[in-house]
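Novice: Could you have a look at this structure, given as structure tokens, before my questions?
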Amino acid sequence: MLVYPNAKINIGLNIVSKREDGYHNIETVFYPIGLCDALEIEPSDTCTDYSFSNAGIPVDGDAENNLVIKAYRLLQAEFDIPPVDITLVKNIPFGAGLGGGSSDAAFALKALNELFGLNIALEQLEAYAVRLGADCPVFIKNEPVYATGIGNEFSGIELSLEGYFLVLVKPDVFVSTPAAYAGVKPKLPEYDLKEMIKLPVSEWKGKIGNDFELSVFGKFPEIAEVKSKLYESGALYASMSGSGSAVYGLFREEPIHLPDFGNCFVTGGFLR
């Protein structure tokens with residue numbers, strides 16, 4: 001079975017408070033986008049557990065630490081799942097705030113469920129997904145949601161960016177999520193995010209923001225420069241996604257000329 005785990009962007013990201021467990025309460029909107037990995041899972045005729053191969057962007061480290069394998073192990077512990085061959089073609093860059101690893105895990109859960117007829121309901125798949133990562137469940141139903149808690153409590157929203165052109169730029173830097181949180185002072189947001197996303201995209205600037213930007217831009221001015229260039233190129237709205245380092249710009253139509261972003265990963269396309 002071949003599936004295509006997609007990335008997401010964060011529209012707004014407010015760090016509201018620090019919890020007693022050391023995590024932070026946030027509010028954000030997760031919006032799926034078209035940048036995808038490719039994940040193939042098939043019953044194996046040659047191995048006794050699983051085989052894992054990778055193409056595209058290299059996946060380093062022990063396969064057991066990969067979220068796809070953790071998803072397999074999670075279901076294997078409760079269901080009679082046979083050995084599998086897993087191939088992951090990685091196109092979503094790491095450390096970008098795009099949820100690529102979380103999406104891979106969620107799509108692995110869905111693929112295993114369908115491939116082996118496990119009959120796991122969507123709500124239970126979400127419960128499994130949250131055990132793999134706070135934002136993993138968003139990729140089960142894979143639709144725009146307003147997220148609170150540590151990013152794992154979802155409520156539906158009516159938001160469509162269909163027809164807008166997204167330009168996504170990731171500088172060649174890695175932003176540590178714990179370090180990003182360490183640089184943020186939690187505070188109540190000035191604007192109500194759920195209300196602000198009802199405004200036209202052209203009115204989002206100055207009202208919808210990402211609390212990570214202040215500290216991250218201070219350490220990595222090249223990320224701030226990308227955001228500035230997107231606005232200079234005519235973006236209606238631009239923001240860092242998650243804790244970075246990817247920055248996206250929303251355009252009314254496909255930009256004819258984009259600046260030289262240097263040694264960055266750049267992609268774009270119309271949203272659906």
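The values are calculated or read from the model by the stated rules, or taken from the named source; none is laboratory data. Note that the structure is a prediction, hence the values are computed from the model and not measured. When we count neighbours, we look across all protein chains shown, and the Cβ atoms used for this are built from the backbone with ideal geometry, even at glycine. The accessibility values were calculated without ligands, DNA or RNA, using every heavy atom of the protein model including side chains. Shrake-Rupley method; radii C 1.70, N 1.55, O 1.52, S 1.80 Å.
Novice: Can you find a residue in the range 130-147 that is in contact with a Lys or Arg (Cβ under 6 Å, 6 or more places away or on another chain) and either more than 24 Å from A238 (Cα to Cα) or open to solvent by 40 Å² or more (accessible area, probe 1.4 Å) (or both)?
Specialist: Yes, because at least one residue in the range 130-147 is in contact with a Lys or Arg (Cβ under 6 Å, 6 or more places away or on another chain) and either more than 24 Å from A238 (Cα to Cα) or open to solvent by 40 Å² or more (accessible area, probe 1.4 Å) (or both).
Novice: Then there is this: Can you name the number of the only condition in (1) touching a residue at least 12 places away in the same chain (Cβ under 8 Å); (2) open to solvent by less than 60 Å² (accessible area, probe 1.4 Å); (3) not charged (D, E, K, R) that T46 fails?
Specialist: So T46 meets the others, but not (2).
Novice: Moving on to the next point. For a quick check of your reading of the model, give me the residue pairs whose first member lies in the range 244-272 and is more than 23 Å from S215 (Cα to Cα), whose second is among the polar types (S, T, N, Q) and assigned to a loop (DSSP other than H, G, I, E, B), with beta-carbon atoms closer than 6 Å and at least 6 apart or on different chains.
Specialist: So the pair list comes out as P255/S233; L258/S233.
Novice: Just to verify a result, which residue in the range 178-204, among those that are outside any helix (DSSP H, G or I) and among the hydrophobic types (A, V, I, L, M, F, W, C), is farthest from V16 (Cα to Cα)?
Specialist: Filtering the range 178-204 for residues that are outside any helix (DSSP H, G or I) and among the hydrophobic types (A, V, I, L, M, F, W, C), the one farthest from V16 (Cα to Cα) comes out as L199.
Novice: Please enumerate the residues belonging to the range 156-182 that are modelled with pLDDT under 90 and either farther than 22 Å from G133 by Cα or of a type in the set (S, T, N, Q) (or both).
Specialist: Those that are modelled with pLDDT under 90 and either farther than 22 Å from G133 by Cα or of a type in the set (S, T, N, Q) (or both): S176, T177.
Novice: I'm told I223 meets every condition in (1) surrounded by fewer than 18 Cβ atoms within 10 Å (Cβ to Cβ); (2) not in a loop (DSSP other than H, G, I, E, B) except one. Can you identify the failing condition by its number?
Specialist: (1)
Novice: So for the range 101-122 (the condition being open to solvent by less than 30 Å² (accessible area, probe 1.4 Å), under 30 Å from K227 (Cα atoms) and in a loop (DSSP other than H, G, I, E, B)), does at least one residue qualify?
Specialist: Among the residues of the range 101-122, not one is open to solvent by less than 30 Å² (accessible area, probe 1.4 Å), under 30 Å from K227 (Cα atoms) and in a loop (DSSP other than H, G, I, E, B), which makes the answer no.
Novice: Do we find a residue being under 22 Å from the mean Cα position of the chain (by Cα), open to solvent by 40 Å² or more (accessible area, probe 1.4 Å) and over 23 Å from C36 (Cβ atoms) anywhere in the range 230-252?
Specialist: yes
Novice: If you check E213 against the conditions, is it more than 20 Å from T267 (Cβ to Cβ), open to solvent by less than 30 Å² (accessible area, probe 1.4 Å) and free of Cβ contacts under 8 Å to residues at least 40 places away in the same chain?
Specialist: Spelling it out, E213 is indeed more than 20 Å from T267 (Cβ to Cβ), open to solvent by less than 30 Å² (accessible area, probe 1.4 Å) and free of Cβ contacts under 8 Å to residues at least 40 places away in the same chain.
Novice: Does any residue in the range 21-37 that is open to solvent by less than 40 Å² (accessible area, probe 1.4 Å) come within less than 6 Å, Cβ to Cβ, of a residue that is of a type in the set (K, R) and at pLDDT below 95 six or more places away or on a different chain, and which pairs are these?
Specialist: Pairs that qualify, where the first residue is open to solvent by less than 40 Å² (accessible area, probe 1.4 Å) and the partner is of a type in the set (K, R) and at pLDDT below 95, are H24/K18.
Novice: Just checking, which of A96, A55 is buried (at least 20 other Cβ atoms within 10 Å of the Cβ) and touching a Leu at 6+ places or on another chain (Cβ under 9 Å)?
Specialist: Only one candidate qualifies: A96.
Novice: Identify, from the list Y181, Y191, the residue that is more than 17 Å from L250 (Cβ to Cβ), over 19 Å from the mean Cα position of the chain (by Cα) and open to solvent by 50 Å² or more (accessible area, probe 1.4 Å).
Specialist: Only one candidate qualifies: Y191.
Novice: Check off (1) under 23 Å from F154 (Cα atoms); (2) touching a Phe, Trp or Tyr at 6+ places or on another chain (Cβ under 7 Å) for L199 and give me the number that stays unchecked.
Specialist: Of everything listed in (1) under 23 Å from F154 (Cα atoms); (2) touching a Phe, Trp or Tyr at 6+ places or on another chain (Cβ under 7 Å), L199 misses just condition (2).
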